[in-house]
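Here the structure is laid out as structure tokens; the discussion comes afterwards.
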Amino acid sequence: MTRTLSAEGRKLMAKVSIATLTTCMFKRGFKNIWLNGVLPVRQGLPRMVGEAYTLRFIPAREDIDTAQGYATETNAHRRAIEECPTGHVLVIDTQREDRACTNGDLLIARLKHRGCAGIVTDGGFRDSADVAKLDFPAYHTRPIPPASFSRLHAVDLNVPIGCAGVPVYPGDIIVGDDEGVVVIPAGIADDVALEAHDMTLYDEFATEKLGEGRSIFGLYPSDENSRKEFEIWRTQK
């Protein structure tokens, strides 16, 4: 059976920064896991943790992509909004299209109502001020007002995609905070969550010691002595 993120792992992921997660992933040899240029629509949104459900776009063509065609119930873009499972993050590959939006406030509001965990695109949202008011994890590159079907054609749901140059497979764990979004393979997500939690605690310990006037040498990065000291500190905490 394919491993995925456990309930405990999900709780831990929601408490650690993506900065810490990138370090944990680097130690495992993963360098291309941060979505460069993709940011939250505003600071202070709820943390995002969920499995990836993907949508892939290609460039639009005038004889196919019209307002009428977009309105059909078979349109893959609209289906993605209704079919993204509860607790999942809708991750969208637009090939970095910056001349037409990926979504607007109404579709994103529907995702929130359905209990999805967030939305991520390497394109941009229209109605971005209203999207920010939804208090829902939503990540894009910048506001883009023109309608999606003027430049984009949705072709695939829940297939491997590239988002902001990062490979995303269905079921990957997507984590977002104020600094952006990282992608973690589901099979190692629990192990990464545990390590990131441990690193977060150590950073708290190191911050406390730095406040006492300690040098970074022997403290950050940790050495054998500081790790022993940390274990005692953690037990006392």
### Task
Would you please state the base-10 log of I(q)/I(0) at q = 0.11, 0.17, 0.21 1/Å for region 87-235, with intensities from the Debye formula using one equal scatterer on every alpha carbon?
-0.58, -0.93, -1.24
### Message
Under 5 Å between amide hydrogens, which residues at least 5 positions from residue 163 or on another chain qualify, with H placed 1.01 Å from N in the peptide plane?
### Response
168
### Task
Before anything else, pin down the relative contact order of region 163-237: Cα pairs under 8 Å, at least 6 apart, normalised by residue count, whole percent.
17 percent
## Note on the structure
For region 35-49, Karplus-derived ³J(HN,Hα) couplings (6.51, -1.76, 1.60; θ = phi - 60°; whole Hz; x for glycine and proline) come out as 7, 4, x, 9, 9, x, 5, 7, 6, x, 6, x, 4, 10, 9
## Note on the structure
HN-Hα couplings for region 138-154 via Karplus (6.51, -1.76, 1.60; θ = phi - 60°), in whole Hz with x for Gly/Pro, come out as 9, 10, 8, 8, 5, x, 9, x, x, 4, 4, 6, 6, 9, 10, 10, 7
### Query
What are the ³J(HN,Hα) values, in whole Hz, obtained from phi via the Karplus relation 6.51 cos²θ - 1.76 cosθ + 1.60 with θ = phi - 60°, for each residue of region 159-167 in sequence order, with x given for Gly and Pro?
10, x, 9, x, 10, 6, x, 10, x
### Message
Could you compute the longest span of the chain free of GluC sites (Glu not before Pro) located in DSSP loops and having at most 12 other Cβ atoms within 10 Å, not counting the site residues?
### Response
74-211
### Task
For region 1-145, just list the percent of Cα-Cα distances falling in each 5 Å bin from zero outward, please.
2, 9, 17, 22, 21, 14, 9, 4, 2, 0
#### Entry: residue 191/residue 58 FRET efficiency (R0 30 Å; Cβ-Cβ; nearest 0.05)
0.25
### Task
Would you kindly compute the Cα radius of gyration of region 191-236 and its largest Cα-Cα separation (Dmax), both in Å?
10.5, 33
### Query
So if we plug the beta-carbon distance of residue 7 and residue 96 into 1/(1 + (r/R0)^6) with R0 = 35 Å, what FRET efficiency do we get, rounded to 0.05?
0.50
### Message
Taking R0 as 41 Å, what FRET efficiency do you get between residue 66 and residue 220 from their Cβ-Cβ distance, rounded to the nearest 0.05?
### Response
0.10
### Message
Using helices alone, I'd like the mean residue ellipticity at 222 nm for the chain: each DSSP H run of four-plus residues gives -39500 (n - 2.57), total over residue count, nearest 500.
### Response
-10000 deg cm²/dmol
### Stretchable slack from residue 83 to residue 234, in nm (0.36 nm times residue separation minus alpha-carbon distance)
50.0 nm
### Query
Given Cα pairs under 8 Å that are at least 6 residues apart, what percent is the relative contact order of the chain?
30 percent
### Message
Please list, by residue number, every one of the trypsin sites (Lys or Arg not before Pro) in region 5-98 that is coil in DSSP and has at most 11 other beta-carbon atoms within 10 Å.
### Response
31, 61
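Values quoted throughout were computed directly from the atomic coordinates according to the rules given, and no laboratory measurement underlies them. No experiment lies behind these values; they were computed from the predicted model shown. We place every Cβ from the backbone using ideal geometry, glycine too, and count neighbours over all the protein chains shown.
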